[in-house]
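What follows is one structure encoded as structure tokens, with my remarks underneath.
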Amino acid sequence: MIYQERNQDIHVLVKPSLDIHQSSAEHSYYFYTYEISITNHREEPVQLLRRFWRIKDGLGNEEIVEGEGVIGQQPRLEPGESFQYTSYCPLRTRTGNMRGYYFFTSSNEEELKIPVPVFFLRPSEEDKATYELR
């Protein structure tokens, strides 16, 4: 499934998936990856400075993750330019969700708080059937 949101002319698209090769239902370990695409539809450049994530597992336990940039980078996006990256989230439960924000600065020093839509971490029907993750 793909989740997306456009706010202040910055479009965020998220595609999560379960990495079945690094997951083990027997050991209650589920390794999710998520691909992110960020596109700048503004008429000025923006730079991603920080991120904030609220991660919730299937039992309702919450973890906050925040820090500089993403995957060690603070990309600058010109008008019309996109940036893609892949990251991961291990869980002890079969399902969970993530939501958060990216903090950007524009060329005129305006700080932009761009929401990342809530996205669900859960095995696909194919994963459940093939790898007995029920």
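Just so it is clear, none of the values below were taken in a lab; they were calculated from the coordinates. Everything quoted here is computed from the prediction, not taken from an experiment. As a convention, Cβ positions derive from the backbone with ideal geometry for all residues, glycine included, and neighbour counts pool all protein chains shown.
Worth a mention:
- Only one of the numbered conditions (1) among the hydrophobic types (A, V, I, L, M, F, W, C); (2) surrounded by fewer than 17 Cβ atoms within 10 Å (Cβ to Cβ); (3) under 18 Å from Ser37 (Cβ atoms) is violated by Ala129, and that is (3).
- So Arg99, is it within 26 Å of Met1 (Cβ to Cβ), basic (Lys, Arg) and surrounded by 13 or more Cβ atoms within 10 Å (Cβ to Cβ): yes
- When restricted to residues that are among the aliphatic types (A, V, I, L, M) and touching a Pro at 6+ places or on another chain (Cβ under 9 Å), the stretch 26-45 contains 1.
- Among residues of the stretch 85-134, those that are among the polar types (S, T, N, Q) and either within 25 Å of Val46 (Cβ to Cβ) or touching a Cys at 6+ places or on another chain (Cβ under 6 Å) (or both), counted: 6
- All positions within the stretch 54-75 that are loosely packed, with under 13 Cβ neighbours inside 10 Å and either closer than 12 Å to Phe103 by Cα or in contact (Cβ under 8 Å) with a residue 60 or more places away in the chain (or both): Glu66, Gly67, Glu68
Residues checked against (1) out of contact with any helix residue (DSSP H, G or I) (no Cβ under 7 Å at 6 or more places or on another chain); (2) in a strand (DSSP E or B); (3) surrounded by 15 or more Cβ atoms within 10 Å (Cβ to Cβ); (4) without any contact (Cβ under 8 Å) to a residue 40 or more places away in the chain:
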residue	(1), (2), (3), (4)
Val14	yes, yes, yes, no
His27	yes, no, no, yes
Tyr32	yes, yes, yes, no
Ile36	yes, yes, yes, no
Arg42	yes, no, yes, no
Phe52	yes, yes, yes, no
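- As a summary of the residue check, Leu48 satisfies the conditions (1) farther than 30 Å from Glu81 by Cα; (2) surrounded by 15 or more Cβ atoms within 10 Å (Cβ to Cβ); (3) hydrophobic (A, V, I, L, M, F, W, C) except for the one numbered (1).
- Selection from the stretch 1-22 of residues that are among the acidic types (Asp, Glu) and under 27 Å from Leu112 (Cα atoms): Glu5, Asp9
- Being without any contact (Cβ under 8 Å) to a residue 12 or more places away in the chain and within 25 Å of Gln8 (Cβ to Cβ) is not true of Glu78.
- Filtering the stretch 83-96 to residues that are surrounded by 13 or more Cβ atoms within 10 Å (Cβ to Cβ) and either polar (S, T, N, Q) or farther than 27 Å from Arg122 by Cα (or both) leaves Ser87, Thr93, Thr95.
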